[in-house]
1. Answer yes or no: is there a residue in the range 96-108 that is closer than 21 Å to LYS35 by Cα, touching a strand residue (DSSP E or B) at 6+ places or on another chain (Cβ under 9 Å) and not in a loop (DSSP other than H, G, I, E, B).
2. Among the numbered criteria (1) farther than 30 Å from GLN318 by Cβ; (2) modelled with pLDDT under 95; (3) open to solvent by 20 Å² or more (accessible area, probe 1.4 Å), which single criterion is violated by HIS157?
3. Can you go through THR56, THR82, THR96 and tell me which one is within 20 Å of PHE315 (Cα to Cα) and among the hydroxyl-bearing types (Ser, Thr, Tyr)?
4. Tally the residues that are surrounded by fewer than 24 Cβ atoms within 10 Å (Cβ to Cβ), of a type outside the set (A, V, I, L, M) and not in a strand (DSSP E or B), restricting the search to the range 203-241.
5. Residues that are open to solvent by 50 Å² or more (accessible area, probe 1.4 Å), more than 16 Å from LEU21 (Cβ to Cβ) and of a type outside the set (Ser, Thr, Tyr): which strands (runs of 3 or more DSSP E) entirely in the range 246-325 hold 3 or more of them?
6. Do you know which residues across the range 358-383 are over 26 Å from ASN176 (Cα atoms), aliphatic (A, V, I, L, M) and assigned to a loop (DSSP other than H, G, I, E, B)?
7. When you look at MET221, is it at negative phi and in contact with a helix residue (DSSP H, G or I) (Cβ under 8 Å, 6 or more places away or on another chain), yes or no?
8. How many of the residues making up the range 326-357 are over 19 Å from ALA376 (Cβ atoms) and either assigned to a helix (DSSP H, G or I) or polar (S, T, N, Q) (or both)?
Amino acid sequence: MAKLKIGVFGAGRGKTMMGVLYNHPEAELVAVCDKYVPLLEQVKGVAAEKGCEVATYESFDEFIKHDMDAVVLANYANEHATYAIRVLESGRHVMTEVLPCETMAQAVALIEAVEKSGKVYAYAENYCYMDRTFEMWRRYENGDIGEATYGEGEYIHDCSAIWPQITYGERDHWRNRMHPFYYCTHSLGPLMTMTGLRPKKVVGIMTPPDMDYYQKGISMMAAGIEMVTMENGAVFKSIHGGLKREPGSINYELYGKKGCMETQRFGDPYLNVYREGDKTCRGNRESYFPQKFVDAELASLEGGHGGSDFYATHFFIQKILGRESGKKYAIDVYTAVDMGICGILAYRSCLNGGAPVDVPDLRDPAQRDAYRNDNACTTPEVAGDQLLPRFPGYDEEPEVPQEAYDKIRDLWLAGKNFEN
């Protein structure tokens, strides 16, 4: 059988997906697109070393004409939905990096594009596939802790030092324009895939933004907190953002009617599981390092984000090929949108003093019309007259001097991090 021909849009974040495709027995990398030419030169160099033919493009309009079956979108995080729709309309399958959409209108348009195309859409929320979270998914499915009652997901990552390497000194880079609730699926997503539950209501709370950093051209120094009520009444707390902590925290806790599962902070690789026995408040506790349980040998070939980048791409490929593992573990458009719109709606809750906001089930066509023209967000070109403030309590966004962005760009060009 011929290998699937896959292109990657975004040669920075897309490197790990390219690594999977170079080694995958059922797919191959055939084209890469990026506006930054030095990254394309790197792609050419790696392809030559591996003896592969990979076409490179600076223009997406030219890239999408290439002969390929599917596209991986690793471009700017607020542009995934618009490009995914273009890919689907071209007759290709698509996998998008985080996040699925920037607005509620995009959520509706993306879902309907997937339904109309009949093509595979997969969401590459890699934190769902890390050894511990994927094991929690397996054990919850086995019924080991019973029905979920409460969960916590935590993704704390202070990006201030690496700001030059992830924003390039661009004033209008998406990271400099997003509200703190936007990047929510690293913390909330694994809880949703573990349990299979969808959200019904969300409350948003935000920590105070660090305006000293903001004046230096470094945004996102705040945390967004979502309190999400799920369809069975369980409550999930999701926290993510730039709080001061080293190393960063990736932590998950899930409580059920028969026990609980917890990962641990500060780099401890173990998963802790408590299961209540026949007697109340008495049971067994396990503490162990989870092993990969799906295609483990193949997964060892690509280690990005603890091997989770492999699984996101692998399950996308398997779903295209009609394999059961892809059908089961690839994250579909409905679940992806559920994850993403919790952050969008949590910010509205926050702007409204923490009032609860209902989360629509956009699987139901009858619920879509209310959001079809809902472009409210913090990006002026997208929002138009529905533009939201970036920070609660600020009618006008404080001005950042251009010199701050110039300094960050100079650091990026010099390959340096931000130190003060």
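1. Yes: the range 96-108 contains one or more residues that are closer than 21 Å to LYS35 by Cα, touching a strand residue (DSSP E or B) at 6+ places or on another chain (Cβ under 9 Å) and not in a loop (DSSP other than H, G, I, E, B).
2. Going through the list (1) farther than 30 Å from GLN318 by Cβ; (2) modelled with pLDDT under 95; (3) open to solvent by 20 Å² or more (accessible area, probe 1.4 Å), HIS157 breaks only (1).
3. On the way: THR56 fails: within 20 Å of PHE315 (Cα to Cα); THR82 fails: within 20 Å of PHE315 (Cα to Cα).
Among THR56, THR82, THR96, only THR96 is within 20 Å of PHE315 (Cα to Cα) and among the hydroxyl-bearing types (Ser, Thr, Tyr).
4. 12
5. Details: elements: 249-256, 259-262, 271-276, 283-288.
So the answer is 283-288.
6. VAL359, LEU362 - these are the residues of the range 358-383 that are over 26 Å from ASN176 (Cα atoms), aliphatic (A, V, I, L, M) and assigned to a loop (DSSP other than H, G, I, E, B).
7. Numbers: at negative phi: yes; in contact with a helix residue (DSSP H, G or I) (Cβ under 8 Å, 6 or more places away or on another chain): yes.
Against the criterion (at negative phi and in contact with a helix residue (DSSP H, G or I) (Cβ under 8 Å, 6 or more places away or on another chain)), MET221 qualifies.
8. First, pick out the residues of the range 326-357 that are over 19 Å from ALA376 (Cβ atoms): 326-336.
If we keep only those that are either assigned to a helix (DSSP H, G or I) or polar (S, T, N, Q) (or both) too, we end up with 326-329, 333-336.
Residues flagged as over 19 Å from ALA376 (Cβ atoms) and either assigned to a helix (DSSP H, G or I) or polar (S, T, N, Q) (or both) within the range 326-357 amount to 8.
The values are calculated or read from the model by the stated rules, or taken from the named source; none is laboratory data. These numbers come from a predicted model, not from an experiment. All Cβ positions, glycine included, derive from the backbone under ideal geometry; neighbour counts span all protein chains shown. Accessible surface is based on the protein model in full, side chains and every heavy atom, while ligands, DNA and RNA are left aside. Shrake-Rupley method; radii C 1.70, N 1.55, O 1.52, S 1.80 Å.
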